[in-house]
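Novice: Got a structure for you, written out below as structure tokens; questions coming shortly.
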Amino acid sequence: MSQRKHPENVFRNLWNDSSAFMHQVAVTGIGILSCLGEGSTAHFEALEGGPLAPPDVSQFPPYAILPLATVDLTERVPKKSDQRQMERWQLMGVHAAGCALDDAGLNTAIQSKQVDMNLATNGGGREIDADEAILREISSVGSDLNALMMRKMRPSYFLSQLPNMLAGNIAVVHGVGGASRTFMGEEEAGVAALSTAVKRIAHGQSDIILVGGVQDAECVDRLIGMVIGGIAQSGPASRVANADRNGLLPGSLASFLVLESVAHARARNASIHAIISGLATDWSASEGECLQASYSKLIQRLSESCSAPRILSAACGLPARTRAEFDALAGLELPVSDITSTDILGHGMEAHFLGLITTAICKFRHGDASNMIAAMVGHRAGIAAALLGPAE
């Protein structure tokens, strides 16, 4: 078997870190749930030009979403008591986490005991009925807003709504017993969850980490926030590059990866799907020419360590930011995928970057051996990209 030269590790240059990195970081397991269903096959086929899920405008007209395909979310949560205390987004996360652990060969609680977790979630749910009742009473003359809120609103979330309970439920159901960290804050949460995990493994501070993010696009309060912000896709949506796109098309998504050091993976005879050879971010880039220039510079720096990597974009769908990203891509002398991960998955918010990475890994999972840069421009600010390559 011929030996493949792996791209030079570029963590140090991109993170301005003076210390040496001890370990290469491997992806040994993936789990994904989306509008296309479960598993890597449908997502790989979509990348290769296969069918995409049609946006749904019937649930929240005139706004479009990509709802979750039919999946039995109780399959990996056998206890009724566990099912009752989870909202759907947590069931999605627990299910996708189980898929990733199985794919990595971590099928038992004993095998999962030392696995750490980095998760990206939103801020929990709202009680829409309580909000509507408050708004109705506020409209009457003489209503006391403070009194209404004290009477109508609970002082705390249900357990099913707490962001960090996803980690707790994964630990209970799958026996994942390591340290856990929960990140919040739109796309940056997913970027932070991944980059922190990669750094910890590269520095020898952790051997194996489960990284994941979840969004339930059918949760109405998430869509309300996009509508209020003026960023929701109104009307039927096509691909992000098309003229009829006017906003974000939220997609239901649970995306999980098992990351570990190459040495740890080989010691337990795990299959390595891909190597993460670099990860770069720039949260100072805002819009227009500044965004375009920063994006080009970041991609060029990542591409210096390997020959002609193919770029897979997660363009958000907002017209100005998507145009700036595509203009930057047009100026780079690199091959670019004809489809974006957003065309396949919709916008996953906290799970968006992780969905991009997982979709890219699907190509390696199905035999692609070419280097790839998976790149994202945030819908408000920031750029993030990862350099992925095959196992040596």
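The values are calculated or read from the model by the stated rules, or taken from the named source; none is laboratory data. Because the structure is predicted, anything quoted here is derived from the model rather than measured. Here Cβ is always computed from backbone atoms with ideal geometry, including for glycine, and neighbour counts include all displayed protein chains.
Novice: Which pairs have Cβ atoms under 7 Å, sit 6 or more apart or on different chains, and link a residue in the range 253-277 that is closer than 16 Å to Thr196 by Cα to one that is among the hydroxyl-bearing types (Ser, Thr, Tyr)?
Specialist: Correct list of pairs: Leu257/Thr358; Val258/Thr28; Glu260/Thr28; Ser277/Ser305.
Novice: Within the range 378-392, which residues are at negative phi and not in a strand (DSSP E or B)?
Specialist: Correct list: Gly378, His379, Arg380, Ala381, Pro390, Ala391, Glu392.
Novice: So Ile361 ticks every box in (1) over 21 Å from Gly49 (Cα atoms); (2) at pLDDT 95 or above; (3) of a type in the set (A, V, I, L, M) but one. Which box is left unticked?
Specialist: (1)
Novice: Considering only the range 192-228, how many residues are out of contact with any helix residue (DSSP H, G or I) (no Cβ under 7 Å at 6 or more places or on another chain), more than 22 Å from Arg380 (Cβ to Cβ) and not small (Gly, Ala, Ser)?
Specialist: Adding up the residues that qualify gives 7.
Novice: Give all pairs with beta carbons closer than 8 Å in which a residue from the range 378-389 that is crowded, with 23+ Cβ neighbours inside 10 Å meets a residue that is small (Gly, Ala, Ser) and in a loop (DSSP other than H, G, I, E, B); count only pairs at least 6 apart in sequence or on separate chains.
Specialist: Close Cβ pairs satisfying both conditions: Ile383/Ala285; Ala384/Gly378; Leu387/Ser305.
Novice: Any residue in the range 83-95 that is in a helix (DSSP H, G or I), charged (D, E, K, R), modelled with pLDDT under 95 and within 20 Å of the chain's Cα centre (by Cα)?
Specialist: Yes: the range 83-95 contains one or more residues that are in a helix (DSSP H, G or I), charged (D, E, K, R), modelled with pLDDT under 95 and within 20 Å of the chain's Cα centre (by Cα).
Novice: Applying the selection to the range 182-217, what residues are charged (D, E, K, R) and more than 17 Å from Ala104 (Cα to Cα)?
Specialist: Matches in the range 182-217: Glu186, Glu187, Glu188, Lys199, Arg200, Asp216.
Novice: Looking at (1) polar (S, T, N, Q); (2) modelled with pLDDT of 75 or more; (3) over 18 Å from Gln90 (Cβ atoms), can you tell me which one Ser143 breaks?
Specialist: Every listed condition holds for Ser143 apart from (2).
Novice: Quick test for you: out of Asn164, Asn118, pick the one residue that is modelled with pLDDT of 70 or more and either surrounded by 16 or more Cβ atoms within 10 Å (Cβ to Cβ) or farther than 30 Å from Ala375 by Cβ (or both).
Specialist: The match here is Asn118.
Novice: From the list Arg245, Arg321, pick out the single residue that is among the basic types (Lys, Arg), under 22 Å from the mean Cα position of the chain (by Cα) and closer than 23 Å to His43 by Cα.
Specialist: The unique qualifying residue is Arg245.
Novice: Could you please give the count of residues in the range 341-377 that are buried (at least 24 other Cβ atoms within 10 Å of the Cβ) and on the phi > 0 side of the Ramachandran plot?
Specialist: The number of residues fulfilling the criteria is 2.
Novice: Out of the residues in the range 356-371 meeting the condition of being not hydrophobic (A, V, I, L, M, F, W, C) and not in a loop (DSSP other than H, G, I, E, B), tell me which one is nearest to Arg310 (Cα to Cα).
Specialist: If we take residues in the range 356-371 being not hydrophobic (A, V, I, L, M, F, W, C) and not in a loop (DSSP other than H, G, I, E, B), then Lys363 is nearest to Arg310 (Cα to Cα).
Residues checked against (1) under 21 Å from Val173 (Cα atoms); (2) modelled with pLDDT under 95; (3) assigned to a strand (DSSP E or B):
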| residue | (1), (2), (3) |
| --- | --- |
| Gly49 | no, yes, no |
| Asp72 | yes, yes, no |
| Arg76 | yes, yes, no |
| Cys99 | yes, no, no |
| Asn107 | yes, yes, no |
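Novice: Give the range 352-375 a look and list any residue that's out of contact with any Cys (no Cβ under 8 Å at 6 or more places or on another chain) and under 16 Å from Arg301 (Cβ atoms), or say none.
Specialist: Matches in the range 352-375: Met372, Ile373, Ala374, Ala375.
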